[in-house]
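Only one structure is covered here, and it is reproduced in the block below.
The values are calculated or read from the model by the stated rules, or taken from the named source; none is laboratory data. All values reported here derive from a predicted model rather than from experimental measurement. So basically every Cβ, Gly included, is an ideal-geometry build from the backbone, and we count neighbours across all protein chains shown. Accessible surface areas use protein heavy atoms only, side chains included; no ligands, DNA or RNA. Shrake-Rupley method; radii C 1.70, N 1.55, O 1.52, S 1.80 Å.
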Amino acid sequence: MFMGLDPNLSKSRQLRWLLGIGALVMILMGLALLFLLTISTNNRAQYEDTYGQLLVVNTVVASALLLLIIGLAIRLVARLRQGKFGSQLLVKLALIFALVGFAPGVLIYVVSYQFVARSIESWFDVKVEAALDAGLNLGRVTIDVLSTELSNNTVVAARRLSEMSDIAASLELDRIREQLSAQDIFLWTSTGQLLGSAGASRYQINPERPTQQQLRTAKLQRQIVSLDGLDEAVSGTGAAQAAVKIKVIAAVQAGGLGISAEPRYLQVTQLLSPTLVANALTVTEANREYQNRALARGGLKRMYIATLTLSLFLAVFTAVLLAVFLGAQLASPLLLLAEGVRQVAAGDLTPKVVSKSKDELGGLTRSFADMTQQLFDARAAVDSSMLQVSTARENLQVILDNLTSGVVVLNVKGEIQSFNPGAARILRSPLSQYIGEPLSKIAGFEAFAAGIQSQFDAYLSERKLHNLDHWQQSYVLNLQSTNDSATGQSATALSSPYATHHVINLIARGAELPGENFHLNASAGSAKEPLRLLVFDDISEIVSSQRAQAWGDVARRLAHEIKNPLTPIQLSAQRLEKRLTGKLEQPEQTVVTKSVKTIVDQVDAMKRLVNEFRDYARLPAAELKPVDLNALASDILQLYGAEEGQFGKAKHGLATITPMFDLQCPAIKGDAQQLRQVIHNLLQNAVDATDLSPNKHVTIATQWNSETQRVRLVISDTGAGFPDYILKRAFEPYVTSKSHGTGLGLAVVKKIADEHNARIDISNRVTDGVAQGAQVSLSFTVDSATAVIAS
């Protein structure tokens, strides 16, 4: 609402009226101020004639503005007392606008008044006048010095010419011009006839001749000096200033060497510096203007002060009037904005009321309404996005948790930041205990951590050169863990600690995560560091399968290539013995018989070895059926002379075999024939391992684990344990510590275990760091039906 204007007018029309009046007032004020300043500085007489009229007109305008301001102030006070909404805001806006216009205006007026009052007086300071006089004197003295110097030099040159003939003197003029740095040099007779010249004017057809009066004066005074072109320079342009010159005419006295006694005159012309001329004229003009201004400084001061005072009144009154109008115009949309802000602050993002005006404030209310709608839409979008992000994060976590690959996030120092369960499972290490710690701090991982670090360093230094996005490398980890029990049985069962050796073949890939991140141990203000992603897979089973397949191929080829010539060799030896029997003396016959026997025995041994290779290579596929592992083990123990009953001890040679079976074990999925071979091989190895041990004891045990739903078979002995090189390659063919063994026993066991999807572990039983025996364990899956019953 606009106070003081017709309330029936629309707001847009009121605004146009307001802007039109304000613009007209400001234009009139500007024209009046410009007019006063112009006439006060250029035409004091005209200003004195119109000053009274202008003063009356501006006083009337100022009075009208003052009355309008008083009326608006009364209405504002009335609205404020009535407690109408927005009155306080309107008053504040009006006061702000009025203060913005009034305070600077008064400040400028006070400063300007002091400046005008003091500056005009300072313009006519004695020092200024003295400086101008000094400048004039300096110009005059400079020109006089140049003229005197040129005059003296011209007289000297005239003396030189007095001893020369006319022709010689004419030739000497060029040298004199160079010495005097003159523009033109002329040599005249007393009648004004030109004898010679030098300079640019020599090519003029009719050069300017000196007057007879000048020649007579030069003859009487020996020389005359004049300044030509100065009057033209005062009223002319820069070209006229560049033509000011000093002219000297000196009489050349006749010599006493018989030369003609007719008088001659030397005329020398030298240009003055245009800068010198311009500066001299400037100082002269400034001095003349200064003298004129000094006479009218009183009137000039009154003109400026009157102009400033009148402008102050008009500016202040107009500013106050505009403050009231603009405050009223601003109040309506600002009140709408205030109400909308209160609603938004309370969380209400429903559509808001907008102002119908088409100005910026109306646009502001519309923009606020649009912003509120956008916030409403954005809130809905953010809620939806957060839900999607949360779902995606949960899905990603589920994916990571169920990945068979290991995933570890490291910082640049190799410290573990996060990992998935697959990493802890593959590395067989509780990685959760090492969060924020270097990977190298885990026992047995020092070399692996160093290799990972070196691979990342090489990758980061070469990725730009070779456009790499990751690195890949294979590693072999030799891990050894010590536990308190093999099976979890009581202390009487397997109380000795054992060391389990694991050989893990890894294929690792590494890359740098995009962006910069804070590592877990970063302090406040620490620099961001890029994180590194390490992904690895356990390829031990693949490597083992490849080795087993390779050994199987080798075994088949050896069985074929070696077995074929064995029979002819045996038959040939036996035929040779038969042919020679009775034909040789007794000593020779004995040698032949012994040699043939040796050949036949070695051939039989070779056949057995070939048959074992053949059996390893041609191991049939397992037919998995429910098998009672306790019963199967008991049957095998009967072969070793076991006592009656499931827990009867067996005696094989000097070794004692003690069974410790868990009666809760359900049936497993297995091939009874192949499992029989496994148990037999392991028992035979255990018994052989106790040959040199004073305590010849072998234990075979089973255990049911209801949590993992697996049955475990453990065979241990009290021998010397496995050497380190055996632990690393125990399941490869031809790896054995026996002098008479083929090294195929554990290889066959591993191959059968793989057919049964069983996990096999080999370890040493260690006490105080000394191996007290060896242990081999297999973990089998159970038949689903019997597992439910057992549970």
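Only protein heavy atoms count here; under a 1.4 Å probe, GLU262 has an accessible surface of about 90 Å². Label-to-label distance for LYS583 and SER454 is 6.9 nm, based on points extended 7 Å past Cα in the beta-carbon direction. Within the stretch 128-144, name every residue whose backbone N is under 15 Å away from a label modeled 7 Å from Cα of TYR290 along the Cβ vector. Only 128-140 fall inside the zone, counting backbone N under 15 Å. Counting 0.36 nm for each residue step from PHE376 to ARG463 and taking away their Cα separation leaves a gain of 26.7 nm. For ASP401, ASP724, the ranking by accessible surface with the largest value first comes to ASP724, ASP401, using a 1.4 Å probe. Just check the stretch 419-458 against the gyration tensor rule for me: Cα atoms, a ≥ b ≥ c as the square roots of the eigenvalues, rounded for a/c under 1.5, and otherwise prolate or oblate depending on whether a/b exceeds b/c. Verdict is prolate for the stretch 419-458.
Extension gain for LYS594 to ILE108 (0.36 nm times residue separation, less C-alpha to C-alpha distance): 161.2 nm. In this structure the amide hydrogen of GLY670, modeled in the peptide plane, comes within under 5 Å of the amide hydrogens of LYS625, VAL627, none closer than 5 places in sequence on its chain. Taking label points 7 Å from Cα along the Cα-to-Cβ direction, LEU387 and ASN152 give a separation of 10.8 nm.
Compute the Rg/Rh shape ratio of the stretch 135-200: radius of gyration over Kirkwood radius, all on alpha-carbon atoms. Could you put the intermediate results ahead of the total?
On the way: Rg = 14.1 Å, Rh = 13.1 Å.
Rounded to two decimals, Rg over Rh is 1.08.
Using a cut-off of 20 Å between Cα atoms, the listed pairs LYS669/LYS751; LYS413/LYS464; LYS583/LYS607; LYS669/LYS750; LYS696/LYS750 include LYS413/LYS464; LYS583/LYS607; LYS696/LYS750 as exceeding that distance. The largest-to-smallest principal axis extents of the Cα set in the stretch 666-714 are 38, 25, 11 Å. Residues LYS358, LYS669, sorted by accessible area with the largest first, give LYS358, LYS669 [1.4 Å probe; ligands and nucleic acids excluded].
Using a Förster distance of 22 Å, how high is the FRET efficiency between GLU208 and SER181, based on the Cβ-Cβ distance and rounded to 0.05?
Values: r = 21 Å, r/R0 = 0.94.
Plugging the Cβ-Cβ distance into 1/(1 + (r/R0)^6) gives 0.60.
Note on ARG729 and LEU624: their simple-model spin labels are 3.1 nm apart, each label 7 Å out from Cα toward Cβ.
Quick check on packing: order 572-585, 178-191, 426-439 by the mean number of other C-beta atoms within 10 Å, highest mean leading. Walk me through the numbers before you get to the answer.
Values: 572-585: 12.1, 178-191: 17.7, 426-439: 15.7.
So the peptides 572-585, 178-191, 426-439, ranked by packing, come out 178-191, 426-439, 572-585.
Using r as the Cβ-Cβ distance of ASN705 and GLN472, and R0 as 45 Å, what FRET efficiency do you calculate, to the nearest 0.05? Result of the calculation: an efficiency of 0.75.
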